[in-house]
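The structure appears right after this line, and notes come after that.
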Amino acid sequence: MQRPGILILATIPPPIGGVTIHIQRLLQFLDNNGYGYTFVDVRRTPKKEILAQINKHRFIHFHIYHPAVRFLLVLLGTIFGKKMLFTFHGNVGRHTWALNLLDQFSFRLSYLPVVLNRKSLEQGLRWNSRTQLISAFIPPQVTETLTTDVQAAITGLRQRYDRIYATNASTVSFDKEGRETYQISLLVKIFNEVQAGLLIVDPTGRYASYLEQQGCRMNENILLISGPQSFFEILKLSDVLLRITTTDGDALSVKEALFLNKQVIATDVVDRPVGTQLVPLNEAAIRSAISKLEERQVIADVAEQSHGGVAMLGIYRKIVA
């Protein structure tokens, strides 16, 4: 009897975020290419059923963020003779020393780790020679649309301002130093003094109350879009992507913006694709980059814009013969 192929353990929207959108598009791409797999949504599936699926499969590819859970899954899978693959959605070394140590153990034990940027690849290869660099960028596999009210709001903003900037945050979160990961409060402060439009996309809807708690007022040039919306479609209606984060992984939104030939301003906290305007993580530099932005041709690196779905399918076909 032929063994089942790859088991993918992850989560698809909701909630909307770079990782869940990546998974959704990966599954759609595999479907479009007729590749058989088993998918288990780890947020919505009972643990007993997850364990049953793990027992049925030899090759398991999972997308789990927390280092302790990632290590435990790699350890248990390896003990039971499974070939464990994982995608590291983040920058290797971003956690405390204890959690970073667990990440090191995960890399060493796993069959094939996948990382999303060059610095992570350099570190990953020290721990596991099979480590692969594969972009999280997968173009939308189905037509995406915005709700009528969001389209109308963005159109209204466009009529009042010549340039529209866009940013997003998967949720209100903080890094290991207690800093606001997506720096939305800082961007609100800056754009209250800038004559340009700012679109803030908040799929969880938590930023409205957070900004209110912080006493952040928003002028009429700032539009907070709460709830699930296609950020890819919002980028189409924008001029510039702002990726002002204190830490990051592959940043799917950066790849999407470059794919759409949009200008990108991003903090230099991790490797960024060619075509990105880098700024240090400080208010003066960010404010200057926004206010002095000049129109220019976006020149992206073809390799950086590689289709992550194609690369991942190639890995699956190679190892699951």
**Asked** Name the pairs whose Cβ atoms lie under 7 Å apart, with the first residue in the stretch 222-237 and assigned to a helix (DSSP H, G or I), the second of a type in the set (Asp, Glu), and 6 or more positions between them or separate chains?
**Response** 232/144; 232/256; 233/144; 235/256
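Listed here are the residues, each with its yes/no results for (1) in contact (Cβ under 8 Å) with a residue 24 or more places away in the chain; (2) surrounded by fewer than 19 Cβ atoms within 10 Å (Cβ to Cβ); (3) of a type in the set (Phe, Trp, Tyr); (4) under 19 Å from residue 250 (Cβ atoms).
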position: 106; (1), (2), (3), (4): yes, no, no, yes
position: 115; (1), (2), (3), (4): yes, no, no, yes
position: 125; (1), (2), (3), (4): no, yes, no, yes
position: 137; (1), (2), (3), (4): yes, no, yes, yes
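Only residues that are of a type outside the set (D, E, K, R), more than 19 Å from residue 251 (Cα to Cα) and within 19 Å of the chain's Cα centre (by Cα): list them for the stretch 139-152, please.
Going residue by residue through the stretch 139-152, those that are of a type outside the set (D, E, K, R) are 139-143, 145-148, 150-152.
Restricting the remaining residues to those that are more than 19 Å from residue 251 (Cα to Cα) gives 142-143, 145-148, 150-152.
Within the stretch 139-152, 142 is the sole residue that qualifies.
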**Request:** Looking only at the stretch 1-28, count how many residues are surrounded by 20 or more Cβ atoms within 10 Å (Cβ to Cβ) and either under 14 Å from residue 313 (Cα atoms) or among the acidic types (Asp, Glu) (or both).
**Result:** 7
**Asked** Out of curiosity, is residue 46 out of contact with any His (no Cβ under 9 Å at 6 or more places or on another chain) and in contact (Cβ under 8 Å) with a residue 12 or more places away in the chain?
**Response** no
**Asked** Out of 268, 250, which single residue is touching a His at 6+ places or on another chain (Cβ under 8 Å), more than 24 Å from residue 157 (Cβ to Cβ) and not assigned by the TED database to the domain that holds residue 65?
**Response** 250
**Item:** Of all residues in the stretch 171-184 being farther than 13 Å from residue 286 by Cα and either free of Cβ contacts under 8 Å to residues at least 40 places away in the same chain or assigned by the TED database to the domain that holds residue 14 (or both), the one that is most open to solvent (accessible area, probe 1.4 Å)
**Value:** 174
**Top-ranked residue in the stretch 243-265 [being over 14 Å from the mean Cα position of the chain (by Cα) and not in a loop (DSSP other than H, G, I, E, B); ranked as surrounded by the fewest Cβ atoms within 10 Å (Cβ to Cβ)]** = 259
**Asked** under 26 Å from residue 139 (Cα atoms), touching a residue at least 12 places away in the same chain (Cβ under 8 Å), out of contact with any helix residue (DSSP H, G or I) (no Cβ under 8 Å at 6 or more places or on another chain) and not assigned by the TED database to the domain that holds residue 228, is that true of residue 11?
**Response** no
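Considering every residue within the stretch 151-166, establish whether at least one is farther than 19 Å from residue 315 by Cβ, among the β-branched types (Val, Ile, Thr), open to solvent by less than 40 Å² (accessible area, probe 1.4 Å) and not assigned by the TED database to the domain that holds residue 13. Before you say what the answer is, go through the steps one by one.
Within the stretch 151-166, the first condition is being farther than 19 Å from residue 315 by Cβ, and the residues that meet it are 151-166.
Among the residues that remain, those that are also among the β-branched types (Val, Ile, Thr) are: 154-155, 164.
Applying the additional criterion that residues be open to solvent by less than 40 Å² (accessible area, probe 1.4 Å) yields 154, 164.
Keeping just the survivors that are not assigned by the TED database to the domain that holds residue 13 gives 154, 164.
Taking every residue of the stretch 151-166 in turn, at least one turns out to be farther than 19 Å from residue 315 by Cβ, among the β-branched types (Val, Ile, Thr), open to solvent by less than 40 Å² (accessible area, probe 1.4 Å) and not assigned by the TED database to the domain that holds residue 13.
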**Asked** Within the set of pairs 6+ apart or on separate chains, which have a first residue in the stretch 82-97 that is over 19 Å from residue 130 (Cβ atoms), a second that is open to solvent by less than 30 Å² (accessible area, probe 1.4 Å) and hydrophobic (A, V, I, L, M, F, W, C), and C-beta atoms under 7 Å apart?
**Response** 91/270
**Prompt:** For the stretch 269-321, how many residues meet the condition of being charged (D, E, K, R), modelled with pLDDT of 95 or more and surrounded by 17 or more Cβ atoms within 10 Å (Cβ to Cβ)?
**Reply:** 1
**Asked** Which condition number does residue 74 fail, the rest of (1) touching an Asp or Glu at 6+ places or on another chain (Cβ under 8 Å); (2) open to solvent by less than 20 Å² (accessible area, probe 1.4 Å) being met?
**Response** (1)
**Item:** Answer from 224, 198, 237 - the residue that is more than 19 Å from residue 13 (Cβ to Cβ) and either open to solvent by less than 30 Å² (accessible area, probe 1.4 Å) or basic (Lys, Arg) (or both)
**Value:** 198
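Quick one: is residue 212 under 14 Å from the mean Cα position of the chain (by Cα) and not hydroxyl-bearing (Ser, Thr, Tyr)?
On the way: under 14 Å from the mean Cα position of the chain (by Cα): no; not hydroxyl-bearing (Ser, Thr, Tyr): yes.
The answer is no for residue 212.
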**Fill in**
Only one of (1) open to solvent by 30 Å² or more (accessible area, probe 1.4 Å); (2) aromatic (Phe, Trp, Tyr); (3) modelled with pLDDT of 95 or more does not apply to residue 207, and that is (1)
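The values are calculated or read from the model by the stated rules, or taken from the named source; none is laboratory data. In this text, all values refer to a predicted model and were calculated from it rather than measured experimentally. Note that each Cβ is placed from the backbone with ideal geometry, even for glycine, and that neighbours are counted across all protein chains shown. SASA here: full protein model, heavy atoms, side chains in, ligands and nucleic acids out. Shrake-Rupley method; radii C 1.70, N 1.55, O 1.52, S 1.80 Å.
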